[in-house]
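**Student:** Once you've had a glance at the structure underneath, I'll fire off some questions.
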Amino acid sequence: KDAHIPKIATVVSGLHTTDDARFLRMFWEIHYKGSENDWKPFAKGGDFSRYYNDLAYRVRWGQNGQPIKDLVMEKYSYLSSYTWVVANESSYFKEGLTYPATSEKGIGAQYLPTGSIPSKKGKGIVLESDGHLWHLLGLLNSSVLEALLKVFTVDREHQVSMIGSLPFAAPKAEPNLN
């Protein structure tokens, strides 16, 4: 049965810190004893890389991100909630896929390990159930999908709604030959 990606996964825009200098570090900069638990892998987007890319950035997410949430409400006092900027928090820390929002070379979908946070520029794809992660990663990096995406956009900006509307046919289970 054919499906769109939203039926098997949720495509999300994630965290926007509003102050990267304060809340982001490279993983090798974190050396304070005991503070490494406050720093979580952060999918910031970045360079084109198919299938896998080390998440070099860490975001300070101690106290469940409260310092970031407080800063958002201070900077954007007209917002009724920090969730406009600290977006889709329920998708944080879940295994899935990520892709840079903008890329001239293609979508470059990558594995997103458990414990990571997607970002505004490093979108997240969280599967609703196990079983299609690797199939979806292969599809998103295929030349067929690249051709389809070129129909949607010429500026290489891969919007959440665009990726979420792509068709996906789950492979059929192979018969057990034992």
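**Student:** In whole Hz, what ³J(HN,Hα) sequence does region 53-69 give by Karplus (6.51, -1.76, 1.60; θ = phi - 60°), x for Gly and Pro?
**Tutor:** Each residue of region 53-69 in turn: 8, 4, 8, 6, 7, 10, 10, 6, 10, x, 6, 6, x, 4, x, 5, 4 Hz.
**Student:** Calculate what fraction, in whole %, of the accessible area of the chain sits on carbon and sulfur atoms when a 1.4 Å probe is rolled over the protein chains.
**Tutor:** Values: 5370 of 10280 Å².
About 52 percent, which is the carbon plus sulfur part of the accessible surface.
**Student:** Another question, if that's okay. If I build a Gaussian network model for the chain, linking alpha-carbon pairs within less than 10 angstrom, which residue out of I163, I30, I68 has the largest mean-square fluctuation?
**Tutor:** I30
**Student:** Within region 60-107, which trypsin sites (Lys or Arg not before Pro) sit in a loop by DSSP and count at most 13 neighbouring Cβ atoms inside 10 Å?
**Tutor:** Those satisfying the criteria are K105.
**Student:** For region 19-130, with every protein chain kept in place, what is the accessible area per residue (1.4 Å probe, Å²)?
**Tutor:** I get 56 Å² per residue for region 19-130.
**Student:** To continue, here is another question. Normalised by the residues of region 37-127, what does the relative contact order come to in percent, with Cα pairs under 8 Å and at least six apart?
**Tutor:** On the way: 167 pairs, mean separation 35.2, N = 91.
In percent, rounded to a whole number, it is 39.
**Student:** Right, here's the next one. Over the chain, what is the relative contact order in percent, taking alpha-carbon pairs closer than 8 angstrom and at least six residues apart?
**Tutor:** Dividing the mean separation by the residue count of the chain yields 34 percent.
The values are calculated or read from the model by the stated rules, or taken from the named source; none is laboratory data. Note that the structure is predicted; figures quoted are calculated from it, not measured. Because the Cβ atoms are built from the backbone with ideal geometry, glycine has one as well, and the counts that use them run over all protein chains shown. Heads up: the accessible areas ignore ligands, DNA and RNA and are worked out on the full protein's heavy atoms, side chains in. Shrake-Rupley method; radii C 1.70, N 1.55, O 1.52, S 1.80 Å.
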